[in-house]
Amino acid sequence: MIYKRSSALFAEAKQYIPGGVNSPVRAFKAVGGEPIFVKEAKGAYLYDEDGNRLIDYIASWGPLILGHAYEPVLNAIIDKAKKGTSFGMPTEIETDLAKLAVSMLPNIDKIRFVNSGTEACMSAVRLARGYTGKDKIIKFAGCYHGHSDSFLIQAGSGAVTFGSPNSPGVTQGTAKDTLLAVYNDLESVAQLIKANKGEIAAVIIEPVAGNMGCIIPTDGFIHGLRALCDENDILLIFDEVMTGFRLGRGGAQEALGIKADILCFGKVIGGGLPVGAFAANNEIMGYLAPDGPVYQAGTLSGNPLAMSAGLAMLTELNNNPEIFTSLQEKTAHLHIGLSKALDKKGIPYQINRFGSMISVHFTDEPVMDFATSAKGNNDTFKKYFHGMLDQGIYLPPSAFESYFLNDALCYEDLDATIEAVDNLDLS
Ligand SMILES: *Cc1c(COP(=O)(O)O)cnc(C)c1O
């Protein structure tokens, strides 16, 4: 494939934007080569500035679960835009989206909209601290909760891809309140709770992790976590920015059969526009300004365009829950095909899958946590990534990211992807 125009655009972007990108993982540093500039997209396909067509397995890192330029979402945005784009005053559509989201989640009464997943997680932790009157939080190595200071401690996603899971610029004062546990290791959590008795406000977790590849929690771990939090008056925060409205109408809570105290959303809830949200029961949400003392605000929060996209998206998912089954079946088909193709290569690999999230790891050990994910062979991953890209398949440009299937992908796309793996030389 030819990437002449992308390459020229990247060179120009680098003169004006740090690293040429507005979010680090887009720069392709982990896989080498140069990023591809997108011109437009429709359904499951991206069309780049050089006229190449790519089958997309990222879907904007999750939001576009129904594919690109999905008509009902597009039309909702266009209709709304004609009526003005921002007011800084309440609008009815904010309640419409809140009502729908609350109806899809069994254990929440109220939801507050923000502009990103980062903001949602940051605000959720502030709320948890305000509600419990305690300072410390527990997070898991390799989990990513956005780029706010308290979370850049052994963070996953781009932070680990770029070798700065602990970012400079985060003060020691902030870092000391974030305690680090090991995913799928309940004992590591129990020990931290014991050593910091009465000081922990919340445990925050990706209930199915997607920022160190896709990692599935064991039953004992996730239910044990709920019990540990209850026994110690600690709030359990599910960061469902990735899993919310993707793993089913009720997200990971429904898929795992467990309820958290505070939920964070992003990605799908905005239908491709910048939306985040956090939600809880009336008692906890009552601590939030203007009802309560915990401050949180946003000039563009609840923006009408963003709300219209989110409302159109969640309405589609709520009315057509068979979409989740369809996605799950497509992901299973891909899993089986990838396994068959990779078996023939004679190299060690693992595939993790949950719902419409899937990741391939080039290691012979099961991938259960950050340490086992980090053992993946990155040289093989680079060959795999570029070999697929050369055949028009766009996978996440880092071994620490999950694929996000979108329902516009058809079985021919999946089979073409499997065939592309067959063609690879990974030795
Ligand atoms: C993407 C992501 C975030 C951050 O959301 P942004 O909208 O990028 O700020 C937080 N948590 C998880 C689990 C995510 O996947």
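Just so it is clear, none of the values below were taken in a lab; they were calculated from the coordinates. These figures come from a predicted structure and were not determined experimentally. Here the Cβ is made from the backbone with ideal geometry for all residues, glycine too, and neighbour counts use every protein chain on show.
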Amide H to amide H under 5 Å from Phe404: which residues, 5+ apart in sequence or cross-chain, H placed 1.01 Å off N in plane? Ile58
Once label points are set 7 Å from the Cα along Cα→Cβ at both Asp219 and Lys83, what is their separation, rounded to one decimal in nm? 4.8 nm
Pulled fully out, how much extra length does the chain show between Asn196 and Asn232, if you take 0.36 nm times their separation in residues and subtract their Cα-Cα distance? 11.9 nm
Beyond 27 Å (Cα-Cα) in this structure, taken from Lys80/Lys330; Lys39/Lys375; Lys82/Lys267; Lys259/Lys382; Lys176/Lys267; Lys110/Lys139, we find Lys80/Lys330; Lys39/Lys375; Lys259/Lys382; Lys176/Lys267
Efficiency by 1/(1 + (r/R0)^6): what FRET value for Glu365 and Thr174, r their Cβ-Cβ distance, R0 = 25 Å, to the nearest 0.05? 0.15
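Using the eigenvalues of the Cα gyration tensor, what equivalent ellipsoid semi-axes result for the stretch 203-278 when each is taken as the square root of five times the eigenvalue, whole Å, largest first?
They are 22, 14, 10 Å, listed largest first.
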Extension gain (nm, one decimal) between Lys375 and Val38, 0.36 nm per residue minus Cα-Cα: 118.1 nm
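Compute the Kirkwood hydrodynamic radius of the chain, taking the inverse of the mean of 1/r over all pairs of distinct Cα atoms, and give it in Å to one decimal.
Values: mean 1/r = 0.0454 Å⁻¹.
Roughly 22.0 Å, rounded to one decimal.
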Can you list which of the trypsin sites (Lys or Arg not before Pro) found in the stretch 57-129 are DSSP loop residues with at most 16 other C-beta atoms within 10 Å? Lys82, Lys83
Residue separation between Lys99 and Asp390 times 0.36 nm, minus their alpha-carbon distance, gives in nm 100.3 nm
Once label points are set 7 Å from the Cα along Cα→Cβ at both Tyr411 and Asn107, what is their separation, rounded to one decimal in nm? 3.8 nm
At most 13 other C-beta atoms within 10 Å and a DSSP loop state: those are the exposed chymotrypsin sites (Phe, Trp or Tyr not before Pro) I care about. Give me the longest piece of the chain that has none. 88-294
For the stretch 73-319 the translational diffusion coefficient, Stokes-Einstein from a Kirkwood Rh over Cα pairs at 25 °C and viscosity 0.890 mPa s, in µm²/s, is roughly 135 µm²/s
Treating the Cα atoms of the stretch 167-211 as identical point scatterers in vacuum, please give the log10 of the normalised Debye intensity I(q)/I(0) at q = 0.14, 0.23, 0.30 Å⁻¹, two decimals. -0.42, -0.97, -1.15
Rg/Rh of the stretch 140-283 (Cα atoms, Kirkwood Rh), to two decimals, equals 0.94
So the FRET efficiency between Lys344 and Asn319, C-beta based with R0 = 35 Å and rounded to 0.05, is 0.25
Suppose each label sits 7 Å from its Cα in the direction of the beta carbon; what would the Asn282-Tyr295 distance come out to in nanometres? 2.8 nm
